[in-house]
Amino acid sequence: MINFTLKQLRYFEAIARTSHFGRAAELCAISQPALSAQIATLEAALGQQLFERSARTVRLTPFGAQFGTRAREILRNAEALADMARAASGAALGRLRIGVIPTIAPYLLPSVIGHITAAHPEIDLLVRETMTHRLIEELGDGKLDCAIVALPLSEQAFTEVALFDEAMVLVRPAHHADHPVPDMEMLSQMKLLLLEEGHCFRDQALSFCATRNTLPREGLDGSSLSTLVQMVGAGIGVTLIPEMAVSVETRSADVSIAVMGAPYPKRTVGMIWRKSSALSEHLEGLSQLVRAAAMAQRTTGAQPL
């Protein structure tokens, strides 16, 4: 009988995902030699090589690719069993692994964490901030219990709960404060600064402004909303940011804020989780806590608009 452990499968999956032993070791919080030793033990037990290794690349062997499909299924089922046990243990949530996209996390998380821990003082809350496509992947693989993202996603495997709508506001250089607010057509002709590829907020801004092909994109992208706002303050262009980010990102920048007219740019913030999750009932209640946290933040005047 061939014996291997869930830990070895997780190590295998980390290498398959990163194509790098060092990065996989960091993700798994172990040393690279220890990771390599576990993979060598797994390969010896299977009697098959899982990875082709060279000085610069790591790739799956044909057997490794087939093994990976089944391994991920086993890991998902293992997480489902853990969810079932947690759900059956009673009212306590215990551990909760929640993902949040970068254009929400810095602004909403403090209030969300406060509301969740007040309602569930026993909770062990683990937070992961990354872009939407990675949250979808990790949620589908059972590495996260839920995620706060911009909707809609239209992923058939997930429950989507809309929490609130939020305006996108225009950030302009401070000396533009007395200029007329541009309409959509005018904005599409301006030098619009955007988040780099991979951020859903970039796609939402482009969709509103209809600028996918009107301007060259070189030099107009940033890795964070903070960078974009500072670029605006330096006179490079204009940008759109979510309303919740205004008080944080504009306090030290020489910029002005304008609320655009109809059709008002906005996004819908929501929470998602696997339809198959045994924690669905708990997560439904949790989504109401997240909504309450967002509403409380607005009511206290944290957002000036």
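The values are calculated or read from the model by the stated rules, or taken from the named source; none is laboratory data. These numbers come from a predicted model, not from an experiment. Heads up, the Cβs are rebuilt from the backbone with ideal geometry, glycines too, and the neighbour counts pull from every protein chain shown.
How many residues are outside any loop (DSSP other than H, G, I, E, B) and without any contact (Cβ under 8 Å) to a residue 60 or more places away in the chain if we restrict to segment 176-199?
Number of matching residues: 5.
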Point to revise | Among the candidates LEU153, LEU195, residue that is under 15 Å from the mean Cα position of the chain (by Cα), within 27 Å of ALA234 (Cα to Cα) and modelled with pLDDT of 85 or more | key: LEU195
Point to revise | 1 or more residues within 24 Å of GLU79 (Cβ to Cβ), polar (S, T, N, Q) and modelled with pLDDT under 90: qualifying helices (runs of 4 or more DSSP H) within segment 1-59 | key: 6-18
Review point. Any residue at all in segment 7-16 that is among the hydroxyl-bearing types (Ser, Thr, Tyr), closer than 17 Å to GLY142 by Cα and crowded, with 16+ Cβ neighbours inside 10 Å?
Key: yes
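Okay, residues lined up against (1) charged (D, E, K, R); (2) surrounded by fewer than 16 Cβ atoms within 10 Å (Cβ to Cβ); (3) assigned to a helix (DSSP H, G or I):
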position	(1), (2), (3)
THR69	no, yes, yes
TYR107	no, no, yes
HIS115	no, no, yes
LEU126	no, yes, no
HIS133	no, yes, yes
ILE136	no, no, yes
LEU139	no, no, yes
ILE148	no, no, no
LEU153	no, no, no
